[in-house]
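A.B. asks: Just passing along the structure, written as structure tokens.
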Amino acid sequence: MNRIIKKAFLGISVICGLASAASVKSPFVTVPWNGYSGAASFTFDDGFYQAKPLSQILEDMPEVKVTFFLTNMGMNLLDYFGPTYAELAKQGHEIGNHTNNHFDLTSITESSLKSEIIDFARDLEQIMGSYGAEVSVTSHALPYSQNNDIVSSVIDDRHFINRSAGGPGKHDWNVEPNWSNVDSKVWYTTPNAEEDFLNSIDASAMVPSWLVLLNHGIADLGEGYITQDLMKEFIQRAVKNNMWVAPFSTVGAYYRAHFTLDTAKAVADGNNLTVTWEMPHKIMPKSIPLKVVINETFVRENFGNNASIYIEQDGKRIYPDEDGIFILEFTSLKATIYGSSKTPDTKPYMVRSDLRTQDDPFSENTTYTLLDAKGRRLGNITEFKVPDFMPKGPYIIISKTPGFAAKVKKVIH
């Protein structure tokens, strides 16, 4: 499949600063999916048939990290599995909470819920720690995908994100999900399952989004288990598509943080601008590095034409890379923007052209491409509208204007 957009900002509005105001809009725009063409999180439930085959699969892909949602299944399984998963945690894989006994959580009392969810999150951290792995459990996965308001409330008290299952598992950058019910796509062995999963991976790279995948084990057992060859094929496809293949909490925290940072206001203080924000949840990863750019119009209006800028966080200066990208630590909750003194060595702040954004890009050079709902190219069109002669249904339209990021819309015709 042709890659139409890579590292693109999708439908993010230009943010303009006002130098004369005491408080201005956020200067920051987070780079979607850490600068990759979408994201993919491979999650594994229960702990059976996973550690050894996955280690073999990832021998040639050490940068790939996944999430293991562990449970005792009412049998104290972690007494047996603990050392194995502690070792995987040391390698950078995530350990998440899948409850102590794997009950249908909607069928037990609230006090039992707290034991199953909150107490077990603490137990997981202690068990991993006893084998030398410092683990912070911040995510949860529902047994049997059964949920209600009471269950969600207890989960939310101890985890910033909760994975459910049963839908397409695809999440768009500018659409904030229900963090207590983040959908995932479940593997189940059927004649068309391989093609379906590969299409989902390709579509999530074509229109950059986050694809959450759920597997129950890597073995040639059919039903909810996937073969080692297929699992390797899926991960390799995501990597080949230039997707950010990272744990559920890692991508989820980046995704959730951007809704906060991209709306945090800047306060003028003399010649500087300070942006502060709050954590969107009390339980999140200890470190959440975000790639951000600052709108060039904002820079011109607040620091002048051809200005050079840097950011300061926790007493450290942060300079942009050659593409205009800064890396901020979201958990610091504060960043101050300074204009640099002009010297022969300083360069005006500039953002790489495909990272720029505008509300509704249009020029005589704008092109429009029509795709079906799975991201397959149907042809060029003349405007942001599905032609009347096309069959009714969902479509994707991509507009590209030189000097601006591609803009993507999902439409129902």
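A.B. asks: From THR138, THR109, which residue is more than 19 Å from LYS282 (Cα to Cα) and among the hydroxyl-bearing types (Ser, Thr, Tyr)?
C.D. replies: THR109
A.B. asks: For the range 152-180, what are the residues that are open to solvent by less than 40 Å² (accessible area, probe 1.4 Å) and polar (S, T, N, Q)?
C.D. replies: Of everything in the range 152-180, those that are open to solvent by less than 40 Å² (accessible area, probe 1.4 Å) and polar (S, T, N, Q) turn out to be SER152, ASN162, SER164, SER180.
A.B. asks: Looking only at the range 161-180, count how many residues are touching a Ser or Thr at 6+ places or on another chain (Cβ under 6 Å) and either among the small types (Gly, Ala, Ser) or farther than 12 Å from VAL212 by Cβ (or both).
C.D. replies: Residues that pass the stated criteria total 6.
A.B. asks: Say we look at the range 350-384 and pick out the residues that are modelled with pLDDT of 85 or more and part of a loop (DSSP other than H, G, I, E, B); which of these is nearest to MET206 (Cα to Cα)?
C.D. replies: The residue in question is VAL351.
A.B. asks: Within the range 79-93, can one find any residue that is in contact (Cβ under 8 Å) with a residue 40 or more places away in the chain and either β-branched (Val, Ile, Thr) or touching a Cys at 6+ places or on another chain (Cβ under 7 Å) (or both)?
C.D. replies: The answer is no; no qualifying residue exists.
A.B. asks: Related question: Give the residues of the range 106-138 that are in contact with a Lys or Arg (Cβ under 7 Å, 6 or more places away or on another chain) and open to solvent by less than 10 Å² (accessible area, probe 1.4 Å), sorted by residue number.
C.D. replies: Passing the criteria: ILE117, ALA121, ALA133.
A.B. asks: Hey, another quick one. Scanning the range 30-83 for residues that are open to solvent by less than 50 Å² (accessible area, probe 1.4 Å) and of a type in the set (Ser, Thr, Tyr), which turns out farthest from HIS216 (Cα to Cα)?
C.D. replies: Per the stated criteria, the residue is THR30.
A.B. asks: Name the residues in the range 214-269 that are aromatic (Phe, Trp, Tyr) and within 25 Å of ILE95 (Cβ to Cβ), would you?
C.D. replies: TYR225, PHE234, TRP244, PHE248, TYR254, TYR255, listed by residue number.
A.B. asks: If you go through the range 309-325, how many residues are assigned to a loop (DSSP other than H, G, I, E, B), in contact with a strand residue (DSSP E or B) (Cβ under 7 Å, 6 or more places away or on another chain) and surrounded by 13 or more Cβ atoms within 10 Å (Cβ to Cβ)?
C.D. replies: Total satisfying the criteria: 3.
A.B. asks: Is there a residue in the range 326-342 that is over 30 Å from THR138 (Cβ atoms) and either open to solvent by less than 10 Å² (accessible area, probe 1.4 Å) or in a helix (DSSP H, G or I) (or both)?
C.D. replies: No, the range 326-342 contains no residue that is over 30 Å from THR138 (Cβ atoms) and either open to solvent by less than 10 Å² (accessible area, probe 1.4 Å) or in a helix (DSSP H, G or I) (or both).
A.B. asks: (1) of a type in the set (Phe, Trp, Tyr); (2) farther than 18 Å from VAL64 by Cα; (3) open to solvent by 20 Å² or more (accessible area, probe 1.4 Å); (4) in contact with a strand residue (DSSP E or B) (Cβ under 8 Å, 6 or more places away or on another chain): which one isn't true of TRP187, the others all being true?
C.D. replies: (3)
A.B. asks: Among the residues of the range 73-107, how many are part of a loop (DSSP other than H, G, I, E, B) and either within 21 Å of THR250 (Cβ to Cβ) or touching a helix residue (DSSP H, G or I) at 6+ places or on another chain (Cβ under 6 Å) (or both)?
C.D. replies: Looking only at that region, the number is 8.
A.B. asks: Right, here's the next one. Taking the residues in the range 366-402 that are at positive phi and open to solvent by 10 Å² or more (accessible area, probe 1.4 Å) as candidates, determine which candidate is nearest to the chain's Cα centre (by Cα).
C.D. replies: Looking at residues that are at positive phi and open to solvent by 10 Å² or more (accessible area, probe 1.4 Å), I get GLY393.
A.B. asks: May I ask you to verify whether LEU211 is closer than 28 Å to LYS90 by Cα, aliphatic (A, V, I, L, M), surrounded by 18 or more Cβ atoms within 10 Å (Cβ to Cβ) and without any contact (Cβ under 8 Å) to a residue 40 or more places away in the chain?
C.D. replies: Judged against the criteria, LEU211 is not a match.
The values are calculated or read from the model by the stated rules, or taken from the named source; none is laboratory data. Keep in mind it's a predicted model, so treat the numbers as computed, not measured. Ideal geometry is used to build each Cβ from the backbone, glycine not excepted, and the neighbour counts take in all protein chains shown. The accessibility values were calculated without ligands, DNA or RNA, using every heavy atom of the protein model including side chains. Shrake-Rupley method; radii C 1.70, N 1.55, O 1.52, S 1.80 Å.
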